[in-house]
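Some notes on the structure that comes next.
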Amino acid sequence: MRKPLLGREGANVTVKVRGITVEDTPGRYANDCFVYQHYMDLAPQGSQRVVLGSWLVDGEPCGIGIREPDGYVTTNVSRFVPHLFE
């Protein structure tokens with residue numbers, strides 16, 4: 001996987017699986033420095049991959065967000081469901 005060092009919301013990310021490009025997202029960060037990392041699949045459920053994110057305030061858990069991209073890259077148009085803890 002290749003992604004911009006200073007990118008956001010899934011822009012200019014390239015995902016390769018076994019040397020084959022499976023997704024290459026557009027964006028305005030193509031001329032910046034890139035970082036490379038090993039791609040690890042997110043246990044797909046059908047055609048969806050689920051990403052969980054958590055929020056902490058002063059070290060205390062206060063919420064989670066669930067994102068469901070249609071492809072390999074989570075973007076700003078991926079489905080999002082927030083959950084708050086009280």
Note: probe point = Cα of Ile64 + 7 Å toward Cβ; backbone nitrogen < 17 Å; residues of region 1-42 passing the test are 42
A 1.4 Å probe over the protein heavy atoms gives the chain a carbon and sulfur accessible-area percentage of 55 percent
Measure of exposure for His38: accessible area at 1.4 Å probe, Å² rounded to 10, is 150 Å²
To the nearest 20 debye, the chain has a Cα-centred charge dipole, built from +1 on Lys and Arg Cβ and -1 on Asp and Glu Cβ, of 400 debye
Note to self: with every protein chain in place and a 1.4 Å probe, the chain gives an accessible area per residue in Å² of 75 Å²
Which of (1) 48, 36, 21; (2) 44, 32, 22; (3) 67, 33, 23 is the computed Cα extents along the principal axes in Å? It is (2)
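The values are calculated or read from the model by the stated rules, or taken from the named source; none is laboratory data. Fair warning: this is a prediction, and the values are worked out from it, not measured in the lab. Note that each Cβ is placed from the backbone with ideal geometry, even for glycine, and that neighbours are counted across all protein chains shown. These area figures cover heavy atoms from the full protein model, side chains too; ligands, DNA and RNA do not enter into them. Shrake-Rupley method; radii C 1.70, N 1.55, O 1.52, S 1.80 Å.
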